[in-house]
Each structure stands twice: as C-alpha cells, then as structure tokens.
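Here, each number is a calculation from the coordinates, and none is a lab measurement. On a predicted model such as this, the values are computed, not experimentally measured, just so you know. Here the Cβ is made from the backbone with ideal geometry for all residues, glycine too, and neighbour counts use every protein chain on show.
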Amino acid sequence: VIMEKFNTWADPRTGIQPFLPPTGCRYTSTTSKILFWLRCGLLGPILVLLRLPIVGVLFLLLWLLESVTGLIPAGARRLTQRIYHTIIIRALLFFMGFWSIDAGYATSRRRNPFPTTAPGSSVSDGHVVIANHSSYIDVLYLAYQFSPTFTATVNDWRDGELPAPGVVVPQTLFQAISETIYQPRRLAKQCRPFDEVVKNSVGPVIVFPEGTTTNGNVLLGCIPVIPVSTTVPRTNFHILSFKYFVYIALL
C-alpha cells in the first residue's frame, strides 16, 4: 500500500520517484548470485580479451567513415550515415554487451511503456530529440537510432557574461562521445542560434538540456538552449530517456 502511494508521484518517462531513494540491482536467489560471480570473476576477463580487439576495430572503422562522409554532399551523406550507423554501431553495442535494446513510447504510468512502435519511426529531418545521457553508450545509441546532429552548451563565457538562451554548439558524433569523457572548452564564438542549427541540420538534432552526463537517477536543472520564440513546430519535439536493466546470464 505504501509503495503504491509513492508510485503516484513517479515520472512515467524516467521512472524517478522523488519520495523514494534509488535502489540498486538486488540478487535475491542463490542461483542468481552464483551466476553473477561466475560471469564477473571467470567469464568476464575472457570475454574482455575476446571482445576488446573487435570493439577497437569497429571504433576505428566508425571514425574513418565519419571522417570520409564529412566530404560527401548533404543528401548522400544522410543515407550513407544511416547505413553504416545501423550496421557498425549496432555491432559495437552488441559486442559491448547490449544484446537487447527495448524502445517505445511511455504514454501512461498504468499502461505498457514499451509498445512495438519504434521511437525512430516518427523522428525525421528538422525534428528535435531532447534526451538525458549518462555515458558514451547513450550517445552511440542515439547515433544508431537517428544519425543526428548533436549539440552542446557553451561553458566558457567571459567574466560577467551569462549563457544566452537559445544558442548551442553543433557537434559531430565523436565530439559528443568525447564530451562524456572530459569537458573541453566550448567558447561563445562557437555557438549558433538553435533555430539555425535545426534548419541546417542533416537529420534530427539532439539536445542534452542538462548540459552534462548524470547518473541516470536524478534530473538536473535544464539550461535554456531552446528559445521561447522558436520556429520549430511543437509537434517536432520528442523527449527520450534512458533506463538500464541488468540480466543475469552466463554468456
């Protein structure tokens, strides 16, 4: 009864419950505990040695293709990126342990949050996807799903300056990945108006309103990167959140 009372306040998209502390993964049965330690202690090092060279080769191939496609005209670039993003990035996620990725729309807390409709089916050029992210894995998934233009916020303003609302810094896939590892300086002269970035983008535009990675359990204060007077239609905005589940298996 108490849990149901607190679940009334749960956010349907993120699963955050403001009145309950976040809980980690619990292994209640003895079999689950044995399988977990077998995988981590025995099979883990073996799988790392087998997968690491494959992951390295795939990352190198992805970097080479990203560098080459930057020279291709916009129309052909979009199609080319969709082809190799779908193949290479999905293979990367698979060899990194993400065998199954469930995606769908969360429309109501009391309904099935994972229907069969894929979220990428209604996102097209000129659309904006607002998402959280906790690591480079989320950035890879967004590239696999949408082949978008990533954006970041300016973090190096002059003394006394405040971040201007409605401006972002366009980024490539590997620039967005590097942002999850370290925070480089993003100068004010690199920023562009939000509406201009959306208009000139080849594919959807990804916005991380929190401005940084999080632990996935809380929502940080959002930076006003989207202007109130934006020309982007309201129906072209999509909200996406990530939630991780742990499955115990030997392989």
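A few remarks follow.
- Computed extension gain for T80 through Q190, at 0.36 nm per residue and net of the alpha carbon distance, reaches 36.9 nm.
- Here r is the Cβ-Cβ distance between L50 and Q183 and R0 is 45 Å; the resulting FRET efficiency, rounded to 0.05, is 0.85.
- Measuring r between the beta carbons of S67 and K243 and using R0 = 22 Å, the FRET efficiency lands at 0.10.
- Close amide H partners of F150, meaning residues 5 or more places away or on another chain with modelled amide H under 5 Å apart, are Q171, I206.
- Extending 7 Å from Cα along the Cβ direction at F59 and again at T214 yields two label points whose distance is 2.7 nm.
- Alpha-carbon centroids, the stretch 29-57 and the stretch 190-219: separation in whole Å: 35 Å
- FRET E, pair S134, C40, Förster distance 25 Å, beta-carbon r, rounded to 0.05: 0.75
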